[in-house]
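Since the structure comes first, as structure tokens, the remarks are kept for the end.
Every number here is computed from the coordinates shown, using simple stated rules; none is lab data. None of these values were measured; they are calculated from a predicted model. Positions of Cβ are backbone-derived with ideal geometry, glycine not excepted, and every protein chain shown enters the neighbour counts.
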Amino acid sequence: MTASHPPFRVLCLPGSLRRDSWNRRLLWAAAAHAPATLSLELYEGLGEVPLFDEDSARTRPEDLAGVDALRSAVAAADGLLIATPEYNQSLPGVLKNALDWLSLDSPQGEVLEQKPVAITGASTGPWGTRLAQTALRQVLHACGALVMPTPTLFVASAASRFDADGRHADEALAVSLHRMTTALDRWIAQLRPETRDARPVCG
Ligand SMILES: Cc1cc2nc3c(=O)[nH]c(=O)nc-3n(C[C@H](O)[C@H](O)[C@H](O)COP(=O)(O)O)c2cc1C
């Protein structure tokens, strides 16, 4: 594999809708410190996904556009990077809701099935989303996603890990993010070697 190949496309899902979310900042920082072999794109549409209803005929058709957009973005990605907050010792409903929709079969198939995924998370408390990530890992496993086992990254005391404008992670976090995204690149390459090999080689 050389740098002349197109990067893997990684869709980043923040599990928080909060404007100043630490988890969104964590994903920005991950994009800043990822190797050039990955292209990270932040998904901002989880707020457009309606409450899950298995009888989706009862959901307003215009609301299902939020599900379709998410599903298409996930289907088009070579891998996912999910940053979850911890709410009441588990993953947030916003994220679980989106994953429940994605677990359904669709014209694009079950888009999480065999999808390489890395997870991380930030909380303002001292435990760094350990319980939320454990719960998230289990849900993704149930959906057939291939969750990267290591390295783990639990970001505790999130408010002290970024600079004043919240854009830049401290040095230790930057190193951890580079290590994690480099491992994600290897994880995708290992699970889907055809993805990179089949795409045109540039200059
Ligand atoms: C309803 C609620 C429950 C929470 N429960 C936990 C918890 O169980 N463990 C924890 O470490 N933090 C908990 N927190 C703190 C959040 O993880 C923290 O506010 C985090 O920064 C939110 O993510 P965000 O900054 O990306 O929005 C909770 C926050 C809220 C609002």
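Distance between the modelled labels on SER72 and GLU48, one decimal in nanometres: 0.9 nm (7 Å Cα→Cβ projection). Separation of region 12-59 and region 75-120, taken as the distance between their Cα centroids, equals 10 angstrom.
According to the square roots a ≥ b ≥ c of the eigenvalues of the Cα gyration tensor, what is the shape class of the chain, taking rounded for a/c under 1.5, prolate for a/b larger than b/c otherwise, and oblate for the remainder? Here the chain falls in the oblate category. Among ASN88, TRP22, HIS33, pick out the residue whose Cα is farthest towards the positive end of the charge dipole of the chain, where Lys and Arg carry +1 and Asp and Glu carry -1 on C-beta, about the Cα centre. Final value for the positive-end residue is HIS33. Ordering VAL74, VAL49 from the fewest to the most neighbouring beta carbons within 10 Å gives VAL74, VAL49. Between the amide H of CYS12 and those of GLU41, LEU42, TYR43, LEU81, distances stay under 5 Å, these residues lying 5 or more places away or on another chain, with hydrogens modeled in the peptide plane.
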